[in-house]
Every structure is written in C-alpha cells, then in structure tokens.
1. Quick check for you: with a 1.4 Å probe and neighbouring chains kept, what is the accessible area per residue of the chain, in Å²?
2. When a/c is below 1.5 the answer is rounded, else prolate if a/b is larger than b/c, else oblate, so apply that to the range 117-203 with a ≥ b ≥ c taken from the square roots of the Cα gyration tensor eigenvalues.
3. Of the options L46, I129, L31, report the single residue whose Cα projects farthest towards the positive end of the charge dipole of the chain (beta-carbon charges: Lys, Arg +1; Asp, Glu -1).
4. For the chain, state the average projected area of the convex hull of the C-alpha atoms over all orientations, rounded to one decimal in nm².
5. If you roll a 1.4 Å probe over the chain with all protein chains in place, what percent of the accessible area is carbon or sulfur?
6. Using a Gaussian network for the chain with springs between C-alpha atoms less than 10 Å apart, which of these wobbles most: R17, R193, R143?
7. Could you go through the range 45-55 in sequence order and give the Karplus-derived ³J(HN,Hα) for each residue, using 6.51 cos²θ - 1.76 cosθ + 1.60 with θ = phi - 60°, rounded to whole Hz, and x for Gly and Pro?
8. Normalising by the residue count of the chain, find the relative contact order in percent from Cα pairs under 8 Å and 6+ residues apart.
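The values are calculated or read from the model by the stated rules, or taken from the named source; none is laboratory data. Note that the structure is a prediction, hence the values are computed from the model and not measured. Cβ: placed from backbone, ideal geometry, glycine included. Neighbour counts: every protein chain shown. These area figures cover heavy atoms from the full protein model, side chains too; ligands, DNA and RNA do not enter into them. Shrake-Rupley method; radii C 1.70, N 1.55, O 1.52, S 1.80 Å.
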Amino acid sequence: MFLDWLFTPVSHQYEARRVELLNKIDKNNNLYAFLSVPMPALNSELSSVEIVSVDFETTGLDAVKDKLLSIGCVNMAQGQIQLGSCFHEIIAIEQPLSADNVAIHTITDNETQNGKSLKQVFDAFLMKIAGKVLLVHFNQIEREFIKQACIELYGVAPVIPMIDTLCLAKKEFARQDFPFDPQDLTLENLRKRAQLPFYQQHHALSDAIATAELYLTMIKPKCAANMQLKDVLI
C-alpha cells in the first residue's frame with residue numbers, strides 16, 4: 001500500500017543522540033537505564049523491529065500547562081499485537097478535572113486521586129519502551145508530553161523514534177491524489193475506512209490497541225519484509 005513512497009531519507013539520528021545523552025547524565029538518574037538500551041538501526045528490516053503502540057490521555061493539548069492523566073500501550077512484534085503485554089496506568093494529579101474534560105476521557109477525580117505518581121508511571125513506561133519504536137496516532141501529543149515529563153523528572157528529554165498512523169494515512173491519500181479533510185484522518189474514521197470495528201474512544205489502552213490494529217492494515221507483512229525502519233519514521 002505504501003511502497004510508492006519508500007526510501008524517504010530520515011534525518012533523525014536517534015542512536016547518536018541516545019549515546020550522547022547517556023554519556024552526559026549521571027548513572028543515578030533514572031533515565032540512565034532507559035538510555036542504556038540501544039535503539040534499532042534505521043536500516044533494520046521493518047518486520048523485525050519491536051514496536052510499542054502508545055496513547056496518552058491528558059487534560060489538554062499543551063504539554064507545559066496541561067497534565068498527563070493516563071498512559072496505555074501494547075507491544076507489537078513480527079506483525080502481531082501482544083495483548084499479554086498491555087500496560088495501563090492512571091496518573092495522580094492535584095487539580096480537579098473539568099466536567100468537559102471528564103466527558104471526553106471518563107477519568108474521574110477519584111481515579112486521579114488514587115492514581116500513581118508521574119514518576120512511578122514514567123519509570124515503568126520508559127523501561128517498557130526502551131530499545132523499541134513507538135507507534136502513535138498524531139505524534140505531537142505523545143512526543144511533547146514525553147519531552148515535558150522527562151525534563152521535569154530527569155532533567156533531560158530523550159529523542160524517541162516514532163511511527164505515526166496519521167502521517168502514514170496522509171502520505172497514502174497524497175499518493176492516491178485523494179481529497180480529504182482533517183476529519184478523515186481521525187483514528188475512528190481511518191478505522192472505519194479500513195473496516196475495523198468500533199472501540200471505546202479516549203481510553204489510553206483501547207486507543208493504543210486501536211492504533212496497532214490500524215497500523216497492521218496499513219503495513220502488510222509482505223510489505224514490511226521489503227521495508228526498512230527509516231521508511232516509516234517521522
């Protein structure tokens with residue numbers, strides 16, 4: 001499906017940045033263990049790369065002002081979603097949630113009050129994604145909230161390789177010269193287009209699984225065998 005736009009050069013030097021940060025931070029920094037795991041080479045065969053599909057629920061879109069509420073993720077390997085690897089945590093925050101916000105993600109004040117600290121959740125999350133590639137839908141959310149959390153907790157932010165199903169869809173629409181508007185690129189509408197079932201929306205783990213399924217319809221196993229990681233990274 002996507003073979004026509006292969007071999008787009010990727011400028012991100014993830015491994016070089018990982019090594020640079022590893023050599024700069026203290027071994028007692030909790031980010032050290034994450035940075036100690038090498039990232040996959042850009043020329044790795046895509047079908048051999050370990051991927052973690054990730055989704056965040058937040059109080060808003062501004063990573064500096066808003067808060068991270070929950071993280072959901074699931075591992076993928078060799079074209080299969082590993083449901084036994086599911087990870088979902090709600091994060092404690094001090095501020096009360098607005099009614100409009102609760103209506104979207106259905107996380108309540110009681111749940112956030114009983115959630116784990118951002119540090120507890122992020123320490124576990126980073127070890128889960130160490131050495132792997134993240135799969136997301138609309139990467140600005142995950143990328144910016146990861147950056148902000150890492151700066152707050154560890155003093156530095158790693159550069160993490162990501163695949164974005166929204167970007168894949170935009171490239172495919174452009175290849176087909178298919179006219180589209182922003183609503184066509186939502187996770188729900190792309191799943192409808194791919195004839196995938198409806199799942200609960202705005203639940204971090206459910207959306208992570210939904211994104212993983214959408215990705216598998218975009219990158220067929222036969223295509224993945226002829227693709228390299230650099231062909232799909234953003």
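1. Value for the chain: 50 Å² per residue.
2. prolate
3. Most positive-ward Cα: L46.
4. Average projection, Cα convex hull of the chain: 12.9 nm².
5. Its accessible area is 52 percent carbon and sulfur atoms.
6. R193
7. After applying 6.51 cos²θ - 1.76 cosθ + 1.60, I find 5, 4, 5, 9, 7, 7, 10, 10, 7, 10, 9 Hz.
8. Value for the chain: 31 percent.
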